[in-house]
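Every number here is computed from the coordinates shown, using simple stated rules; none is lab data. Computed from a predicted model, the values in this text were never measured in an experiment. Glycine also receives a Cβ, built like all others from the backbone with ideal geometry; neighbour counts cover every protein chain displayed.
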Amino acid sequence: MKLYDYVLSPSCYKARLMAALAGVKLDIRPVDFHPGAEHRGPELMALNPAGSIPILEDGDLVLTESSAMLVYLAAKAAPQWLGNDTAGEAARVQQWLSFSHRLTASLGAARLHEMLLRPGNIDVLQGQGTTALRELEAGLVEQHIRGQRFLASDRPSVADIACFPYVALAPDGGVSLDPYPAIRLWSRAIRGLDGFIEMPGIHRLHELRPEPVPGEA
Amino acid sequence: MPAQSPAGPVALWRSRSGRAAAFADRCPHRGMRLSHGFVRGETLACIYHGWSYAKAGNCLRIPAHPALAPPDTIRVATLRVEDGGGIIWISVGEPAAGPPRFEGLAPLRSMVLEAGIVALEAAAGTKAAEGLLDYTHDDRAVWLLLAPEGQARTLMHVLVDEDSNPDERIAASRAAEALRGAAEDIARGGIAR
Amino acid sequence: MTRNTMIDGWYPVSLASQLDAHGRRTALMGEPIAVRRGEDGNAKVTGGNGRDLPTCIRYGHVWSSLGDPQKPLFAIPEADQPGRRLVDVGVVRVRCSPLRAVENFLDIAHFPFVHTDILGAEPHTEVQNYKVEIREDEDEVWATQVKFYQPQAAKSAEGGITTEYMYRVPAPTCSILYKTCPPRPGEWDVITLFVQPLAEDLCDVWPWMALFDDETPMTDLIHFQQTIFVQDRSILENQIPGLLPLDPGMEIPTRADLTSVAYRRWLKRHGYTYGAQLVAQ
Amino acid sequence: MTILGEFEAASFLPWIERHAAKLGLVQAICVAGPDRIELDIAGPAELIDMMEMGCSLGPIDVWVEAIHRAPIECESG
């Protein structure tokens, strides 16, 4: 499976993270998104006329939407991540998968503006990002009241992976995560999962390793 | 986690054994916010260079100089912390009495609203007494414990009757969301006028 | 008000390869400027009041100045050495003092915590003594014999090695790092950090590299350096105070911070205080 | 430790004392002039390094040209 990838893209990271959690080995094809704008070049435009990355290629299957990639990776290698045990759970997964696009459009665009100087109305983007974070916080509070740690159930699903990257990187776009304790707990639960990998801007959870013993260098 | 206090930003953390501590949110080495740091066992370490501190605020380890036992004088300022009925209290200075107890109530969630207490009181149609606002919504009581963060922002802790069932708790959370929206509308209108 | 002594310096304002007639609107120390390719094909930079600003193209970037540069842009002799690959890494904006961005680049002790498993890893946290000097002839800060254990020193490196570095500060917002070059023992890879001061608390950072590496695809080289820099970004945006303190009264510098201290001393001596905090608080 | 440079001893001396206290170092200032301050310090090498780092930068109205260190011959309180 081949992923056309940009290391700073949270959408590409969703696919890398899901693959790592599901134990799928990806063939990474780095794309010079910035500064080279290679995703707008002829080779990648032929593959994805929308001119976006990531692109996941497996045989003749070409996926250009990150949510579809998460579902595909989970279905192939880790079906428990699909979160479809009950009708309610399956619906919640779809609800948050759709919601994740609002995170991309708000927090993601704010981040591109603040970090890589892309055009945009930053006040509006940050405001929309804050609205989305409040909805996510409220959703997680309600899940917590139901005794469930993740978005769709007490187990992580593709919905959590779809929402996590843009939320974790909200401060890159000038949107603080300080007011959201439930998001903080959820984020730590995801970062503590077996097989979790980071991306630039999301630091290693050093808590998980014991302090080195002096003299053992 | 980051928090606010009248003495400035605070790094609030809980050690592995469950003890809470509050530090000034600034590493004495090079000024990095300690609320970005990591907890290992009974210590909080700065994410930048890994300097780690005990709950009392004294520095225990400087990884760049592993042979050095840091003196007690290298320390971060601490605030007193009380863990009372699921609510963490910090105090600036030495208060005469412990924090208030809210018998029969259970904390539900904390939320920030971009409005002052006056706007919140207007939205709720009732006044806060000693920082606690008693708000009835759809015949259900919700208590809001308020901590102002300047004039235009308030941290609001939502408390419910400890016997509430999950449906009642979810309803209380939604009522608090709606109240926040109304208070922020009032605050925005106030600025517009 | 004292004159801003940094006004006569050269600053990066664009990638040379991305210069077009349409141009780029940006800023230099609070003044809006415009950078574009002129009709004669040369770079043209105009200041806020429409005046033409001094311009040169070097090391992959367009450089300009709000004042009257007394010296040409600093030399990087390695940039012209045959066989090196020149890497335009692009720009990353950071909400921090331009001086803080440079100071962080000079720091190795954070590698195990911020660039975990790439530039450093516990338990290899010790910073051994190294040498720092102000080279009077060139008027530059130099740190040499800097050694640190690295799990993955460069894109071309496999496995951990002790890497040696030299750091050089030829201008208040520019730094050049010389680093052991695994494919060519005896040579140094060159990694630079060129910082464009937009305001005292806001900067555009333009990393650039001149490497001996014929193997690694160009995009991988770019991504490696972008990864490293973006890992630093959240640190830089969360240091208190926002400006770089020239009085360490609220800090505790150690021997490992020797380069930082020398850099701040050099800034202080020259009055390079745009982005600096003079009195500790 | 001998600190050479140009300074207002009135502002620099309290700064030195505060920094030494923060490092938990026992220090005694022996000579204090506008271009030279001498002080005796006892403690681990890393902490004395820290003292040297801090003093070499110092407050903004001070310029420290050089710092020399020599071991103290006789023990003093």
Sites C:ASP68 and C:GLN128 - FRET efficiency at Förster radius 35 Å, r taken between beta-carbons, to 0.05: 0.25
If we sort A:44-54, A:152-162 on the protection proxy, mean other Cβ atoms within 10 Å, highest first, what's the order? A:152-162, A:44-54
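Write out the trypsin sites (Lys or Arg not before Pro) in region D:1-62 meeting two conditions: DSSP loop, and at most 16 other Cβ atoms within 10 Å of their Cβ.
On the way: sites: D:ARG18, D:LYS22, D:ARG36; in loops: none.
Sparse-neighbourhood loop trypsin sites (Lys or Arg not before Pro): none present.
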Each label point is 7 Å from the Cα along the Cα-to-Cβ direction; what then is the distance between the points at B:ARG80 and C:ALA280, in nm? 2.9 nm
Using only the alpha-carbon atoms of chain B, report the extent along each of the three principal axes, biggest first, to the nearest angstrom. 63, 43, 33
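Structure shown: which of C:LYS44/C:LYS71; C:LYS179/C:LYS268; A:LYS25/C:LYS147; C:LYS268/D:LYS22 lie over 29 Å apart, alpha-carbon to alpha-carbon?
Listed pairs above 29 Å: A:LYS25/C:LYS147.
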With a point put 7 Å past each Cα toward its Cβ, work out how far A:VAL124 is from A:LEU185 in nm, to one decimal. 3.6 nm
Most mobile of A:GLY59, A:GLY174, A:GLY192 per a Gaussian network model of chain A (Cα springs, under 10 Å)? A:GLY59
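Can you give the FRET efficiency to the nearest 0.05 for A:ALA50 and A:ARG29, using r as the Cβ-Cβ distance and R₀ = 22 Å?
Working: r = 17 Å, r/R0 = 0.79.
Working from the Cβ atoms, E equals 0.80.
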Most positive-pole-ward Cα, C:TYR167, C:SER14, A:ALA105, against dipole of the protein assembly as shown from beta carbon charges: A:ALA105
Please give the average number of partner chain Cβ atoms lying within 10 Å of the Cβ of each residue in B:41-54, rounded to a whole number. 4
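Averaged over every viewing direction, what's the projected area of the C-alpha convex hull for region C:83-277? Give it in nm², one decimal, please.
Mean projected area for region C:83-277: 10.6 nm², to one decimal.
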Restricting to DSSP loop positions (anything but H, G, I, E, B) with no more than 16 other Cβ atoms inside 10 Å of their own Cβ, which trypsin sites (Lys or Arg not before Pro) remain in region C:16-71? C:ARG51
Across peptide C:216-224, what mean number of C-beta atoms from other chains lies inside 10 Å of a residue's C-beta? 5
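Can you figure out the FRET efficiency of C:GLU138 with B:ASP72, using R₀ = 51 Å and their beta-carbon distance, to the nearest 0.05?
Values: r = 44 Å, r/R0 = 0.86.
After rounding to 0.05, the efficiency reads 0.70.
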Given all pairs of different Cα atoms, what value in angstroms does the Kirkwood hydrodynamic radius of the protein assembly as shown take? 28.4 Å
Straight-distance crosslink candidates among aspartates and glutamates, where the alpha carbon sits under 13 Å from A:LYS2 and sequence neighbours closer than 8 are dropped: A:ASP27, A:GLU57, A:ASP58, A:ASP60
